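Chemist: For reference, the structure I am asking about is given below.
The values are calculated or read from the model by the stated rules, or taken from the named source; none is laboratory data. Just so you know, these numbers come straight off a predicted model, no measurement behind them. So basically every Cβ, Gly included, is an ideal-geometry build from the backbone, and we count neighbours across all protein chains shown.
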Amino acid sequence: MATIETNAELGQQIVEDAKRYVLHSWSVQDALQPIPVAGGEGCWFWDYDGKRYLDFASQLVNVSIGHQHPKVIAAIKEQAEKLCTIGPPMATERRSELARLLAEVTPGNLAMSFFTNGGAEANENAIKLARWYTGRHKVVARYRSYHGATAGAITATGDPRRWYTEPGLPGIVRMLDPYTYRCPAGHPDPCPVCTGAPHLEEILQYEGPQNVAAVILETVTGTNGVIPPPDGYLQAIREVCDRHGILLICDEVMAGFGRTGRWFACENWDVVPDILCVAKGINSGYVPLGAMIVSEPIAEWVRDKYFAGGLTYSGHPLACASAVASIEAFREEGIVENAAAMGDVFREELGRLAERHPSIGDVRGLGCFWALELVRDRGTREPLVPFNATGEDFAPVARLSKAALERGLYLMTHWNVVMICPPLVVTREEIEEGVAVLDDALALADELAA
Ligand SMILES: Cc1ncc(COP(=O)(O)O)c(C=O)c1O
(Lines give C-alpha, C1' and ligand atoms only; values in the text may rest on other atoms or scores of the structure.)
Protein backbone atom coordinates (compact mmCIF):
# COMPACT_ATOMS: atom_id res chain seq x y z
CA MET A 1 0.00 0.00 0.00
CA ALA A 2 1.28 3.49 -0.88
CA THR A 3 2.27 5.76 1.99
CA ILE A 4 -0.60 7.92 3.16
CA GLU A 5 0.47 11.44 3.99
CA THR A 6 -1.95 13.52 6.01
CA ASN A 7 -2.54 17.24 5.73
CA ALA A 8 -5.92 18.17 7.23
CA GLU A 9 -5.48 21.88 6.55
CA LEU A 10 -4.88 21.30 2.83
CA GLY A 11 -7.88 18.97 2.73
CA GLN A 12 -10.08 21.67 4.19
CA GLN A 13 -8.80 24.26 1.70
CA ILE A 14 -9.48 21.94 -1.23
CA VAL A 15 -13.09 21.43 -0.10
CA GLU A 16 -13.61 25.17 0.40
CA ASP A 17 -12.32 25.94 -3.10
CA ALA A 18 -14.30 23.07 -4.60
CA LYS A 19 -17.50 24.40 -3.06
CA ARG A 20 -16.81 27.99 -4.06
CA TYR A 21 -15.36 27.66 -7.57
CA VAL A 22 -16.37 24.30 -9.02
CA LEU A 23 -19.80 23.71 -10.53
CA HIS A 24 -20.49 20.08 -9.63
CA SER A 25 -22.49 17.56 -11.70
CA TRP A 26 -26.06 16.56 -10.85
CA SER A 27 -26.05 18.21 -7.42
CA VAL A 28 -27.63 20.93 -5.36
CA GLN A 29 -24.39 22.88 -5.00
CA ASP A 30 -24.84 24.04 -1.41
CA ALA A 31 -25.74 20.55 -0.22
CA LEU A 32 -22.47 19.07 -1.43
CA GLN A 33 -19.77 17.95 0.97
CA PRO A 34 -17.10 16.42 -1.30
CA ILE A 35 -14.41 14.16 0.17
CA PRO A 36 -10.97 15.72 -0.40
CA VAL A 37 -9.16 12.79 -1.98
CA ALA A 38 -5.41 12.63 -1.48
CA GLY A 39 -4.65 9.32 -3.17
CA GLY A 40 -5.75 5.82 -4.03
CA GLU A 41 -4.60 2.30 -4.76
CA GLY A 42 -6.51 -0.74 -5.99
CA CYS A 43 -10.00 -0.75 -4.44
CA TRP A 44 -9.12 1.97 -1.93
CA PHE A 45 -8.79 5.74 -1.80
CA TRP A 46 -8.05 8.04 1.11
CA ASP A 47 -8.52 11.60 2.27
CA TYR A 48 -6.14 14.19 3.74
CA ASP A 49 -6.94 13.03 7.27
CA GLY A 50 -5.59 9.62 6.30
CA LYS A 51 -9.03 8.00 6.40
CA ARG A 52 -9.29 5.10 3.95
CA TYR A 53 -12.39 4.24 1.92
CA LEU A 54 -13.20 0.95 0.23
CA ASP A 55 -14.48 2.03 -3.19
CA PHE A 56 -17.59 -0.11 -3.78
CA ALA A 57 -18.63 2.25 -6.58
CA SER A 58 -15.38 2.34 -8.61
CA GLN A 59 -16.04 6.11 -8.45
CA LEU A 60 -18.69 6.36 -11.22
CA VAL A 61 -18.43 2.66 -12.05
CA ASN A 62 -15.42 3.47 -14.19
CA VAL A 63 -12.23 2.64 -12.25
CA SER A 64 -12.47 -1.00 -13.25
CA ILE A 65 -8.74 -1.75 -13.09
CA GLY A 66 -8.52 -0.12 -9.66
CA HIS A 67 -6.80 3.06 -8.61
CA GLN A 68 -3.20 3.71 -9.71
CA HIS A 69 -2.45 0.60 -11.72
CA PRO A 70 1.34 0.82 -12.29
CA LYS A 71 1.27 -0.45 -15.87
CA VAL A 72 -1.29 2.13 -16.95
CA ILE A 73 0.57 4.93 -15.18
CA ALA A 74 3.82 3.88 -16.86
CA ALA A 75 2.17 3.89 -20.31
CA ILE A 76 0.81 7.40 -19.77
CA LYS A 77 4.24 8.63 -18.64
CA GLU A 78 5.99 6.97 -21.56
CA GLN A 79 3.55 8.46 -24.07
CA ALA A 80 3.78 11.90 -22.42
CA GLU A 81 7.56 11.85 -22.87
CA LYS A 82 7.18 10.94 -26.57
CA LEU A 83 4.19 12.95 -27.76
CA CYS A 84 1.51 14.47 -25.56
CA THR A 85 -0.96 15.42 -28.23
CA ILE A 86 -1.54 15.22 -31.96
CA GLY A 87 -4.49 15.97 -34.24
CA PRO A 88 -7.01 13.34 -35.32
CA PRO A 89 -5.96 13.39 -39.03
CA MET A 90 -2.53 11.95 -38.12
CA ALA A 91 -1.90 8.24 -37.69
CA THR A 92 -0.39 7.51 -34.31
CA GLU A 93 1.02 4.32 -32.87
CA ARG A 94 -1.22 3.94 -29.85
CA ARG A 95 -4.42 5.02 -31.61
CA SER A 96 -3.87 2.51 -34.41
CA GLU A 97 -2.91 -0.18 -31.91
CA LEU A 98 -5.95 0.50 -29.73
CA ALA A 99 -8.35 0.40 -32.68
CA ARG A 100 -6.85 -2.95 -33.74
CA LEU A 101 -7.06 -4.27 -30.16
CA LEU A 102 -10.71 -3.22 -29.90
CA ALA A 103 -11.53 -5.13 -33.09
CA GLU A 104 -9.83 -8.11 -31.42
CA VAL A 105 -11.43 -8.04 -27.96
CA THR A 106 -14.96 -7.08 -29.01
CA PRO A 107 -17.27 -9.86 -30.17
CA GLY A 108 -18.36 -10.79 -33.69
CA ASN A 109 -17.75 -8.44 -36.58
CA LEU A 110 -17.23 -5.21 -34.64
CA ALA A 111 -14.43 -3.71 -36.63
CA MET A 112 -13.84 0.04 -36.66
CA SER A 113 -13.67 2.64 -33.90
CA PHE A 114 -14.39 6.32 -33.64
CA PHE A 115 -12.74 7.68 -30.50
CA THR A 116 -14.44 10.15 -28.20
CA ASN A 117 -13.75 11.77 -24.84
CA GLY A 118 -16.38 9.76 -23.03
CA GLY A 119 -19.63 7.83 -23.14
CA ALA A 120 -22.12 10.52 -24.13
CA GLU A 121 -20.15 11.44 -27.24
CA ALA A 122 -19.94 7.78 -28.25
CA ASN A 123 -23.74 7.52 -28.05
CA GLU A 124 -24.22 10.82 -29.87
CA ASN A 125 -22.13 9.57 -32.76
CA ALA A 126 -23.87 6.20 -32.79
CA ILE A 127 -27.27 7.87 -33.16
CA LYS A 128 -25.96 10.17 -35.89
CA LEU A 129 -24.31 7.36 -37.83
CA ALA A 130 -27.34 5.05 -37.49
CA ARG A 131 -29.50 7.78 -39.03
CA TRP A 132 -27.14 8.29 -41.99
CA TYR A 133 -26.67 4.59 -42.57
CA THR A 134 -30.35 3.70 -42.56
CA GLY A 135 -31.72 6.95 -43.96
CA ARG A 136 -34.32 6.81 -41.15
CA HIS A 137 -34.75 9.26 -38.31
CA LYS A 138 -36.43 7.63 -35.28
CA VAL A 139 -34.56 5.95 -32.46
CA VAL A 140 -36.19 3.68 -29.87
CA ALA A 141 -34.73 4.13 -26.38
CA ARG A 142 -35.85 2.83 -22.98
CA TYR A 143 -37.17 4.64 -19.92
CA ARG A 144 -34.84 3.20 -17.30
CA SER A 145 -31.69 4.37 -19.00
CA TYR A 146 -28.88 6.87 -18.86
CA HIS A 147 -26.93 7.56 -22.03
CA GLY A 148 -25.05 10.74 -21.09
CA ALA A 149 -25.55 14.45 -20.52
CA THR A 150 -24.94 15.99 -23.96
CA ALA A 151 -27.95 17.20 -25.95
CA GLY A 152 -28.66 14.04 -27.95
CA ALA A 153 -27.57 11.53 -25.34
CA ILE A 154 -29.71 13.14 -22.65
CA THR A 155 -32.76 12.98 -24.94
CA ALA A 156 -32.15 9.27 -25.43
CA THR A 157 -31.83 8.95 -21.66
CA GLY A 158 -35.07 7.86 -20.04
CA ASP A 159 -34.49 8.82 -16.42
CA PRO A 160 -35.66 12.18 -15.02
CA ARG A 161 -32.32 13.86 -15.64
CA ARG A 162 -33.73 14.27 -19.16
CA TRP A 163 -36.61 16.50 -18.00
CA TYR A 164 -34.40 19.57 -17.56
CA THR A 165 -33.34 19.66 -21.23
CA GLU A 166 -36.58 18.74 -22.95
CA PRO A 167 -37.85 18.86 -25.64
CA GLY A 168 -34.37 17.81 -26.86
CA LEU A 169 -33.63 15.87 -30.03
CA PRO A 170 -36.62 15.05 -32.27
CA GLY A 171 -37.31 11.44 -33.22
CA ILE A 172 -36.56 9.63 -29.94
CA VAL A 173 -39.39 7.28 -29.01
CA ARG A 174 -39.47 5.04 -25.99
CA MET A 175 -40.16 1.51 -24.90
CA LEU A 176 -40.49 -0.05 -21.45
CA ASP A 177 -37.78 -2.02 -19.69
CA PRO A 178 -37.51 -5.73 -18.90
CA TYR A 179 -37.49 -4.96 -15.18
CA THR A 180 -38.93 -8.19 -13.90
CA TYR A 181 -39.02 -7.08 -10.23
CA ARG A 182 -41.34 -4.18 -11.15
CA CYS A 183 -42.61 -5.27 -14.53
CA PRO A 184 -44.74 -2.49 -16.04
CA ALA A 185 -46.93 -5.13 -17.71
CA GLY A 186 -47.48 -7.01 -14.44
CA HIS A 187 -45.26 -9.78 -15.75
CA PRO A 188 -47.82 -12.19 -17.14
CA ASP A 189 -46.35 -15.42 -18.48
CA PRO A 190 -45.10 -14.95 -21.18
CA CYS A 191 -44.52 -11.26 -20.55
CA PRO A 192 -44.69 -9.03 -23.66
CA VAL A 193 -42.24 -6.49 -22.19
CA CYS A 194 -39.72 -8.76 -20.48
CA THR A 195 -39.45 -11.16 -23.41
CA GLY A 196 -38.62 -8.16 -25.58
CA ALA A 197 -40.09 -8.90 -28.99
CA PRO A 198 -43.87 -8.37 -28.53
CA HIS A 199 -43.46 -4.99 -26.85
CA LEU A 200 -40.91 -3.70 -29.36
CA GLU A 201 -43.07 -4.97 -32.24
CA GLU A 202 -46.03 -3.05 -30.85
CA ILE A 203 -44.00 0.17 -30.55
CA LEU A 204 -42.74 -0.31 -34.11
CA GLN A 205 -46.27 -0.80 -35.35
CA TYR A 206 -47.18 2.66 -34.00
CA GLU A 207 -43.95 4.34 -35.12
CA GLY A 208 -43.54 2.63 -38.50
CA PRO A 209 -40.50 0.34 -38.59
CA GLN A 210 -39.45 1.92 -41.89
CA ASN A 211 -38.89 5.17 -39.94
CA VAL A 212 -36.74 3.64 -37.21
CA ALA A 213 -32.96 3.81 -37.54
CA ALA A 214 -31.95 2.14 -34.28
CA VAL A 215 -32.81 0.70 -30.93
CA ILE A 216 -30.41 1.97 -28.26
CA LEU A 217 -30.20 0.20 -24.93
CA GLU A 218 -27.85 -0.42 -22.05
CA THR A 219 -27.11 -4.14 -22.35
CA VAL A 220 -27.32 -4.27 -18.56
CA THR A 221 -29.02 -1.15 -17.25
CA GLY A 222 -26.59 0.62 -14.92
CA THR A 223 -27.42 3.72 -12.92
CA ASN A 224 -31.14 3.12 -13.17
CA GLY A 225 -30.92 0.06 -10.97
CA VAL A 226 -28.44 -2.53 -12.35
CA ILE A 227 -31.05 -4.49 -14.29
CA PRO A 228 -29.72 -7.47 -16.24
CA PRO A 229 -32.18 -8.49 -18.97
CA PRO A 230 -33.88 -11.89 -18.61
CA ASP A 231 -32.36 -14.65 -20.76
CA GLY A 232 -33.70 -14.42 -24.27
CA TYR A 233 -34.58 -10.71 -24.13
CA LEU A 234 -31.54 -9.38 -25.96
CA GLN A 235 -31.68 -12.14 -28.57
CA ALA A 236 -35.35 -11.27 -29.20
CA ILE A 237 -34.59 -7.56 -29.60
CA ARG A 238 -31.75 -8.44 -32.00
CA GLU A 239 -34.10 -10.59 -34.07
CA VAL A 240 -36.78 -7.87 -34.32
CA CYS A 241 -34.15 -5.29 -35.33
CA ASP A 242 -32.79 -7.62 -38.03
CA ARG A 243 -36.25 -8.32 -39.41
CA HIS A 244 -36.92 -4.59 -39.87
CA GLY A 245 -33.45 -3.41 -40.94
CA ILE A 246 -33.06 -1.51 -37.66
CA LEU A 247 -29.61 -1.15 -36.07
CA LEU A 248 -29.00 -2.33 -32.52
CA ILE A 249 -26.83 0.05 -30.50
CA CYS A 250 -25.59 -1.43 -27.22
CA ASP A 251 -24.48 1.22 -24.76
CA GLU A 252 -21.85 -0.61 -22.71
CA VAL A 253 -20.27 2.52 -21.30
CA MET A 254 -20.86 1.09 -17.82
CA ALA A 255 -21.38 -2.62 -18.52
CA GLY A 256 -18.45 -3.16 -20.91
CA PHE A 257 -14.84 -4.19 -20.31
CA GLY A 258 -15.36 -6.96 -17.80
CA ARG A 259 -17.89 -5.36 -15.49
CA THR A 260 -20.34 -8.27 -15.94
CA GLY A 261 -17.67 -10.98 -15.83
CA ARG A 262 -17.39 -11.12 -19.65
CA TRP A 263 -15.36 -8.72 -21.77
CA PHE A 264 -18.62 -7.23 -23.03
CA ALA A 265 -22.05 -7.65 -21.47
CA CYS A 266 -23.69 -8.66 -24.77
CA GLU A 267 -21.51 -11.80 -24.72
CA ASN A 268 -23.57 -13.07 -21.78
CA TRP A 269 -26.40 -13.56 -24.29
CA ASP A 270 -24.36 -14.22 -27.47
CA VAL A 271 -25.63 -11.08 -29.14
CA VAL A 272 -23.50 -8.77 -31.29
CA PRO A 273 -24.79 -5.23 -31.75
CA ASP A 274 -24.31 -3.21 -34.92
CA ILE A 275 -22.74 -0.45 -32.86
CA LEU A 276 -21.11 -0.86 -29.47
CA CYS A 277 -20.50 2.25 -27.35
CA VAL A 278 -17.84 2.08 -24.66
CA ALA A 279 -15.96 4.40 -22.29
CA LYS A 280 -15.29 4.12 -18.50
CA GLY A 281 -13.68 0.63 -18.21
CA ILE A 282 -11.84 1.01 -21.53
CA ASN A 283 -9.02 2.68 -19.55
CA SER A 284 -10.68 3.19 -16.16
CA GLY A 285 -10.83 6.93 -16.78
CA TYR A 286 -7.11 7.46 -16.22
CA VAL A 287 -7.42 9.84 -19.20
CA PRO A 288 -10.88 10.67 -20.67
CA LEU A 289 -11.78 8.23 -23.47
CA GLY A 290 -14.74 6.60 -25.15
CA ALA A 291 -15.36 4.83 -28.43
CA MET A 292 -18.12 4.04 -30.88
CA ILE A 293 -17.24 0.69 -32.45
CA VAL A 294 -19.12 -0.24 -35.62
CA SER A 295 -19.65 -3.60 -37.27
CA GLU A 296 -18.09 -4.61 -40.59
CA PRO A 297 -21.04 -3.68 -42.87
CA ILE A 298 -21.18 -0.16 -41.40
CA ALA A 299 -17.38 0.12 -41.58
CA GLU A 300 -17.50 -0.91 -45.26
CA TRP A 301 -20.35 1.50 -45.97
CA VAL A 302 -18.60 4.46 -44.38
CA ARG A 303 -15.25 3.96 -46.15
CA ASP A 304 -16.17 5.99 -49.24
CA LYS A 305 -18.39 8.44 -47.34
CA TYR A 306 -17.75 11.79 -45.74
CA PHE A 307 -18.01 11.13 -41.98
CA ALA A 308 -19.51 14.34 -40.66
CA GLY A 309 -18.27 14.00 -37.11
CA GLY A 310 -15.13 14.95 -35.27
CA LEU A 311 -13.51 15.95 -32.03
CA THR A 312 -10.22 17.78 -31.53
CA TYR A 313 -9.18 15.11 -29.03
CA SER A 314 -10.47 12.05 -30.90
CA GLY A 315 -7.96 9.31 -30.17
CA HIS A 316 -5.83 11.42 -27.86
CA PRO A 317 -2.38 9.80 -27.51
CA LEU A 318 -2.39 9.75 -23.68
CA ALA A 319 -5.89 8.23 -23.62
CA CYS A 320 -5.06 5.62 -26.25
CA ALA A 321 -1.77 4.68 -24.58
CA SER A 322 -3.56 4.18 -21.26
CA ALA A 323 -6.26 2.04 -22.91
CA VAL A 324 -3.73 -0.19 -24.68
CA ALA A 325 -1.90 -0.74 -21.39
CA SER A 326 -5.16 -1.37 -19.56
CA ILE A 327 -6.35 -3.98 -22.07
CA GLU A 328 -2.96 -5.70 -21.88
CA ALA A 329 -3.17 -5.73 -18.07
CA PHE A 330 -6.72 -7.14 -18.25
CA ARG A 331 -5.35 -9.99 -20.38
CA GLU A 332 -2.16 -10.62 -18.40
CA GLU A 333 -3.76 -10.43 -14.98
CA GLY A 334 -7.03 -12.22 -15.75
CA ILE A 335 -9.07 -9.24 -14.58
CA VAL A 336 -12.24 -10.24 -16.45
CA GLU A 337 -11.94 -13.74 -15.03
CA ASN A 338 -11.58 -12.27 -11.54
CA ALA A 339 -14.75 -10.20 -12.06
CA ALA A 340 -16.61 -13.40 -13.00
CA ALA A 341 -15.26 -15.28 -9.98
CA MET A 342 -16.09 -12.43 -7.61
CA GLY A 343 -19.60 -12.45 -9.08
CA ASP A 344 -20.11 -15.83 -7.37
CA VAL A 345 -18.86 -14.37 -4.07
CA PHE A 346 -21.27 -11.44 -4.39
CA ARG A 347 -24.19 -13.74 -5.19
CA GLU A 348 -23.48 -15.71 -2.02
CA GLU A 349 -22.69 -12.77 0.29
CA LEU A 350 -25.52 -10.50 -0.87
CA GLY A 351 -27.95 -13.42 -0.82
CA ARG A 352 -27.05 -13.95 2.84
CA LEU A 353 -27.59 -10.23 3.53
CA ALA A 354 -31.07 -10.49 2.01
CA GLU A 355 -31.93 -13.31 4.41
CA ARG A 356 -31.09 -11.07 7.36
CA HIS A 357 -32.55 -7.74 6.22
CA PRO A 358 -36.26 -7.29 5.53
CA SER A 359 -35.49 -3.99 3.77
CA ILE A 360 -33.82 -5.87 0.88
CA GLY A 361 -36.51 -6.54 -1.71
CA ASP A 362 -34.29 -7.75 -4.52
CA VAL A 363 -30.66 -8.71 -5.05
CA ARG A 364 -29.57 -8.77 -8.68
CA GLY A 365 -26.45 -8.53 -10.78
CA LEU A 366 -23.55 -10.38 -12.30
CA GLY A 367 -19.77 -10.07 -12.22
CA CYS A 368 -18.87 -6.96 -10.21
CA PHE A 369 -22.16 -5.23 -11.08
CA TRP A 370 -24.77 -5.63 -8.32
CA ALA A 371 -27.75 -3.90 -6.78
CA LEU A 372 -29.71 -4.16 -3.57
CA GLU A 373 -33.21 -2.83 -4.10
CA LEU A 374 -34.58 -1.55 -0.80
CA VAL A 375 -38.28 -1.75 0.10
CA ARG A 376 -40.60 -0.91 2.99
CA ASP A 377 -42.53 -4.09 2.46
CA ARG A 378 -41.36 -7.19 0.66
CA GLY A 379 -44.94 -8.26 -0.05
CA THR A 380 -46.08 -5.05 -1.73
CA ARG A 381 -42.57 -4.12 -2.92
CA GLU A 382 -43.20 -0.53 -1.88
CA PRO A 383 -39.82 1.17 -2.44
CA LEU A 384 -37.95 2.38 0.65
CA VAL A 385 -37.88 5.85 -0.93
CA PRO A 386 -40.04 6.97 -3.89
CA PHE A 387 -39.01 7.11 -7.55
CA ASN A 388 -36.86 10.20 -8.16
CA ALA A 389 -36.65 10.90 -4.41
CA THR A 390 -34.71 13.97 -3.33
CA GLY A 391 -34.26 15.93 -0.07
CA GLU A 392 -36.24 14.58 2.91
CA ASP A 393 -37.82 11.85 0.74
CA PHE A 394 -34.36 10.46 0.06
CA ALA A 395 -33.21 10.74 3.70
CA PRO A 396 -33.48 7.01 4.61
CA VAL A 397 -31.05 6.00 1.86
CA ALA A 398 -28.83 9.05 2.45
CA ARG A 399 -28.54 8.00 6.13
CA LEU A 400 -27.55 4.49 5.12
CA SER A 401 -24.81 5.61 2.73
CA LYS A 402 -23.54 8.15 5.26
CA ALA A 403 -23.32 5.45 7.93
CA ALA A 404 -21.37 3.25 5.51
CA LEU A 405 -19.08 6.13 4.58
CA GLU A 406 -18.31 6.83 8.23
CA ARG A 407 -17.19 3.20 8.46
CA GLY A 408 -15.02 3.64 5.33
CA LEU A 409 -17.29 2.13 2.68
CA TYR A 410 -18.02 4.30 -0.37
CA LEU A 411 -21.31 3.42 -2.09
CA MET A 412 -23.27 4.74 -5.04
CA THR A 413 -27.02 4.91 -4.50
CA HIS A 414 -29.86 5.71 -6.87
CA TRP A 415 -33.19 6.34 -5.13
CA ASN A 416 -34.02 3.01 -3.44
CA VAL A 417 -31.17 1.10 -5.02
CA VAL A 418 -27.72 0.59 -3.50
CA MET A 419 -25.25 -0.17 -6.28
CA ILE A 420 -22.32 -2.44 -5.52
CA CYS A 421 -19.69 -2.07 -8.23
CA PRO A 422 -16.11 -2.27 -6.94
CA PRO A 423 -13.05 -2.34 -9.19
CA LEU A 424 -12.78 -5.69 -10.98
CA VAL A 425 -9.56 -6.45 -9.10
CA VAL A 426 -11.50 -6.74 -5.83
CA THR A 427 -10.67 -9.71 -3.60
CA ARG A 428 -12.93 -12.01 -1.59
CA GLU A 429 -11.57 -10.44 1.62
CA GLU A 430 -12.42 -6.93 0.41
CA ILE A 431 -15.91 -8.04 -0.54
CA GLU A 432 -16.39 -9.56 2.92
CA GLU A 433 -15.10 -6.38 4.55
CA GLY A 434 -17.51 -4.20 2.56
CA VAL A 435 -20.47 -6.49 3.06
CA ALA A 436 -19.87 -6.48 6.84
CA VAL A 437 -20.20 -2.68 6.83
CA LEU A 438 -23.31 -2.91 4.67
CA ASP A 439 -24.74 -5.45 7.08
CA ASP A 440 -24.56 -2.89 9.92
CA ALA A 441 -25.74 0.07 7.81
CA LEU A 442 -28.79 -1.83 6.56
CA ALA A 443 -30.17 -1.87 10.11
CA LEU A 444 -31.15 1.76 9.46
CA ALA A 445 -33.26 0.70 6.47
CA ASP A 446 -34.76 -2.24 8.35
CA GLU A 447 -36.25 0.20 10.88
CA LEU A 448 -38.60 1.39 8.11
CA ALA A 449 -39.34 -2.03 6.66
CA ALA A 450 -42.32 -4.14 7.69
C1 LIG B 1 -24.63 3.56 -19.65
C2 LIG B 1 -24.00 4.92 -19.75
N3 LIG B 1 -23.94 5.55 -20.92
C4 LIG B 1 -23.37 6.75 -21.07
C5 LIG B 1 -22.83 7.41 -20.00
C6 LIG B 1 -22.20 8.76 -20.18
O7 LIG B 1 -20.83 8.67 -20.15
P8 LIG B 1 -19.94 9.98 -19.92
O9 LIG B 1 -20.29 10.51 -18.58
O10 LIG B 1 -18.54 9.47 -20.05
O11 LIG B 1 -20.29 10.92 -21.01
C12 LIG B 1 -22.85 6.80 -18.74
C13 LIG B 1 -22.29 7.49 -17.56
O14 LIG B 1 -22.51 7.14 -16.44
C15 LIG B 1 -23.46 5.53 -18.61
O16 LIG B 1 -23.53 4.91 -17.42
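Chemist: Tally time: how many residues in region 416-436 are under 21 Å from residue 361 (Cα atoms) and free of Cβ contacts under 8 Å to residues at least 40 places away in the same chain?
Modeler: Looking only at that region, the number is 1.
Chemist: Looking only at region 293-301, decide whether some residue is under 17 Å from the mean Cα position of the chain (by Cα) and not charged (D, E, K, R). Working first, answer last.
Modeler: Quick first cut of region 293-301, residues under 17 Å from the mean Cα position of the chain (by Cα) only: 293.
This time we only want the ones that are not charged (D, E, K, R), so: 293.
Yes; the residues of region 293-301 include at least one that is under 17 Å from the mean Cα position of the chain (by Cα) and not charged (D, E, K, R).
Yes or no, residue by residue, for (1) of a type in the set (A, V, I, L, M); (2) out of contact with any strand residue (DSSP E or B) (no Cβ under 8 Å at 6 or more places or on another chain):
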| position | (1), (2) |
| --- | --- |
| 93 | no, yes |
| 106 | no, no |
| 110 | yes, no |
| 115 | no, no |
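Chemist: Would you check which residues across region 273-296 are of a type in the set (A, V, I, L, M) and not in a strand (DSSP E or B) and list them?
Modeler: Taking region 273-296 and keeping what is of a type in the set (A, V, I, L, M), we get 275-276, 278-279, 282, 287, 289, 291-294.
Scanning region 273-296 gives 279, 282, 287, 289.
Chemist: Taking region 93-130, which residues are out of contact with any Leu (no Cβ under 7 Å at 6 or more places or on another chain), of a type in the set (S, T, N, Q), touching a residue at least 24 places away in the same chain (Cβ under 8 Å) and more than 16 Å from the ligand (Cβ to nearest atom)?
Modeler: Passing the criteria: only 109.
Here is a yes/no grid of residues against (1) free of Cβ contacts under 8 Å to residues at least 24 places away in the same chain; (2) under 24 Å from residue 328 (Cβ atoms); (3) in contact with a strand residue (DSSP E or B) (Cβ under 9 Å, 6 or more places away or on another chain); (4) charged (D, E, K, R):
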site: 281; (1), (2), (3), (4): no, yes, no, no
site: 285; (1), (2), (3), (4): no, yes, no, no
site: 298; (1), (2), (3), (4): no, no, yes, no
site: 304; (1), (2), (3), (4): yes, no, no, yes
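Chemist: Now for a different question. Name the pairs whose Cβ atoms lie under 8 Å apart, with the first residue in region 381-410 and of a type in the set (Lys, Arg), the second part of a helix (DSSP H, G or I), and 6 or more positions between them or separate chains?
Modeler: As it stands, the answer is 381/181; 381/182; 399/444; 407/437; 407/440; 407/441, since those pairs meet every condition given.
Chemist: On to the next question. Restricting to region 152-165, count the residues that are away from the ligand (no atom under 12 Å from the Cβ) and within 17 Å of residue 130 (Cα to Cα).
Modeler: First pass over region 152-165, keeping only residues away from the ligand (no atom under 12 Å from the Cβ): 155, 160, 162-165.
Right, trim to within 17 Å of residue 130 (Cα to Cα) and you get 155.
Total satisfying the criteria: 1.
Chemist: Related question: Restricting region 250-278 to residues that are in contact with a Ser or Thr (Cβ under 7 Å, 6 or more places away or on another chain) and closer than 17 Å to residue 101 by Cβ, which is surrounded by the fewest Cβ atoms within 10 Å (Cβ to Cβ)?
Modeler: 258
Chemist: Is there a residue being part of a helix (DSSP H, G or I), modelled with pLDDT of 95 or more and of a type in the set (A, V, I, L, M) anywhere in region 259-272? Spell out the reasoning first.
Modeler: First, the residues of region 259-272 that are part of a helix (DSSP H, G or I): 265-269.
Narrowing further to those that are modelled with pLDDT of 95 or more: 265-269.
Filter once more, so that each one left must be of a type in the set (A, V, I, L, M): 265.
Yes: region 259-272 contains one or more residues that are part of a helix (DSSP H, G or I), modelled with pLDDT of 95 or more and of a type in the set (A, V, I, L, M).
Chemist: Only residues that are within 19 Å of residue 290 (Cβ to Cβ) and either buried (at least 17 other Cβ atoms within 10 Å of the Cβ) or not assigned by TED's automatic domain parsing to the domain that holds residue 279 (or both): list them for region 151-160, please. Quick ask: steps written out before the conclusion?
Modeler: To start, the set of residues in region 151-160 that are within 19 Å of residue 290 (Cβ to Cβ) comprises 151-157.
Those that are within 19 Å of residue 290 (Cβ to Cβ) and either buried (at least 17 other Cβ atoms within 10 Å of the Cβ) or not assigned by TED's automatic domain parsing to the domain that holds residue 279 (or both): 152, 153, 154, 155, 156, 157.
Chemist: Quick one: which residue in 326, 322 is within 22 Å of residue 80 (Cβ to Cβ), assigned by TED's automatic domain parsing to the domain that holds residue 85 and in contact with a Phe, Trp or Tyr (Cβ under 6 Å, 6 or more places away or on another chain)?
Modeler: Values: 326 fails: in contact with a Phe, Trp or Tyr (Cβ under 6 Å, 6 or more places away or on another chain).
Just one listed residue meets the conditions, 322.
Chemist: Same structure, new question: Scanning region 55-73 for residues that are surrounded by 13 or more Cβ atoms within 10 Å (Cβ to Cβ) and assigned to a helix (DSSP H, G or I), which turns out farthest from the ligand (Cβ to nearest atom)?
Modeler: Quick first cut of region 55-73, residues surrounded by 13 or more Cβ atoms within 10 Å (Cβ to Cβ) only: 55-69, 71-73.
Next cut, assigned to a helix (DSSP H, G or I) only: 58-61, 71-73.
Values: 58: 11, 59: 10, 60: 6, 61: 7, 71: 23, 72: 18, 73: 21 Å.
Among those residues, the one meeting the criterion is 71.
Chemist: A further question follows. Among (1) closer than 22 Å to residue 369 by Cα; (2) buried (at least 19 other Cβ atoms within 10 Å of the Cβ), where does residue 140 come up short?
Modeler: Condition (1) is where residue 140 drops out.
Chemist: Name the single residue, out of those in region 219-234 being outside any loop (DSSP other than H, G, I, E, B) and in contact with an Asp or Glu (Cβ under 7 Å, 6 or more places away or on another chain), that is farthest from residue 362 (Cα to Cα). Don't jump to the end; show me each part of the working.
Modeler: Start the filter on region 219-234 by keeping residues that are outside any loop (DSSP other than H, G, I, E, B), which leaves 221, 227, 233-234.
Adding the requirement that they be in contact with an Asp or Glu (Cβ under 7 Å, 6 or more places away or on another chain) leaves 221, 227.
Values: 221: 15, 227: 11 Å.
My answer is 221.
Chemist: May I pose another question? Going through region 220-264 one residue at a time, which ones are hydroxyl-bearing (Ser, Thr, Tyr) and either in contact with a Gly (Cβ under 8 Å, 6 or more places away or on another chain) or outside the structural domain of residue 202 (by TED's automatic domain parsing) (or both)?
Modeler: Once the filter is applied, which keeps residues that are hydroxyl-bearing (Ser, Thr, Tyr) and either in contact with a Gly (Cβ under 8 Å, 6 or more places away or on another chain) or outside the structural domain of residue 202 (by TED's automatic domain parsing) (or both), region 220-264 yields 233, 260.
Chemist: Among residues belonging to region 260-279 that are within 20 Å of residue 62 (Cβ to Cβ) and among the aromatic types (Phe, Trp, Tyr), point out the one that is nearest to the ligand (Cβ to nearest atom).
Modeler: Ranking the qualifying residues of region 260-279, first place goes to 264.
Chemist: Kindly indicate whether residue 392 is under 20 Å from residue 447 (Cβ atoms) and exposed (fewer than 14 other Cβ atoms within 10 Å of the Cβ). Before you say what the answer is, go through the steps one by one.
Modeler: Working: under 20 Å from residue 447 (Cβ atoms): yes; exposed (fewer than 14 other Cβ atoms within 10 Å of the Cβ): yes.
The answer is yes for residue 392.
Chemist: Against the condition surrounded by 13 or more Cβ atoms within 10 Å (Cβ to Cβ) and not in a loop (DSSP other than H, G, I, E, B), how does residue 35 come out, does it pass? Quick ask: steps written out before the conclusion?
Modeler: Working: surrounded by 13 or more Cβ atoms within 10 Å (Cβ to Cβ): yes; not in a loop (DSSP other than H, G, I, E, B): no.
Considered against the rule, which asks whether it is surrounded by 13 or more Cβ atoms within 10 Å (Cβ to Cβ) and not in a loop (DSSP other than H, G, I, E, B), residue 35 comes out as no.
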